[in-house]
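Data first, discussion second: the structure below is written as structure tokens.
The values are calculated or read from the model by the stated rules, or taken from the named source; none is laboratory data. Note that this is a predicted model, so its numbers are computed, not measured. We place every Cβ from the backbone using ideal geometry, glycine too, and count neighbours over all the protein chains shown. The accessibility values were calculated without ligands, DNA or RNA, using every heavy atom of the protein model including side chains. Shrake-Rupley method; radii C 1.70, N 1.55, O 1.52, S 1.80 Å.
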Amino acid sequence: YKAVMERLPSADFVRRFALKFLQDDSFPNLKKALEAQDAPTAFRAAHTLKGVCQNLGFDALYAPASALTEALRSGTLDGADTLFPPVEKEYQRVVAALKELEQISPSLPLWERWHGKAVTERASPFSKNICTAISIGFCQS
């Protein structure tokens, strides 16, 4: 989170960029390229996905996306069949978590939405799901 906050000016800015991830086409492009056996396009899509995840602090998705990117860097699809499923799994978790994040009232300051008594005292599975999936620091005390 600290690294993300060094790149982006505020927690609300981080939230806005995180939610824009829902419109990012790098994962669908990656999946389509792998299905089409198009290694160069798959590499570009994986590399883009990896970069977006790193910039936003989506560590749980960054790690498998990085491994897949490095495998595809060779220009072949060798290993992609075993490296893609963890990317897809984490991508789905991130998307689900971000959709939940969208539902949190934007009228509350971000810190209160994540650390306010309503969230922390309940220790809700809702907030834990978001934190686990996107691995960003406003989930940490």
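With respect to the conditions (1) touching a residue at least 24 places away in the same chain (Cβ under 8 Å); (2) polar (S, T, N, Q); (3) over 28 Å from Glu102 (Cβ atoms); (4) open to solvent by less than 70 Å² (accessible area, probe 1.4 Å), Thr41 lacks only one, and its number is (1). Looking across the stretch 22-38 at every residue that is in contact (Cβ under 8 Å) with a residue 40 or more places away in the chain and part of a helix (DSSP H, G or I), the one that is surrounded by the most Cβ atoms within 10 Å (Cβ to Cβ) is identified as Leu30.
A residue that is open to solvent by 70 Å² or more (accessible area, probe 1.4 Å), at pLDDT 95 or above and closer than 20 Å to Leu22 by Cβ can be found somewhere in the stretch 77-89. With respect to the stated conditions, Ala67 is in contact with a helix residue (DSSP H, G or I) (Cβ under 6 Å, 6 or more places away or on another chain), open to solvent by 30 Å² or more (accessible area, probe 1.4 Å) and over 30 Å from Asp12 (Cβ atoms).
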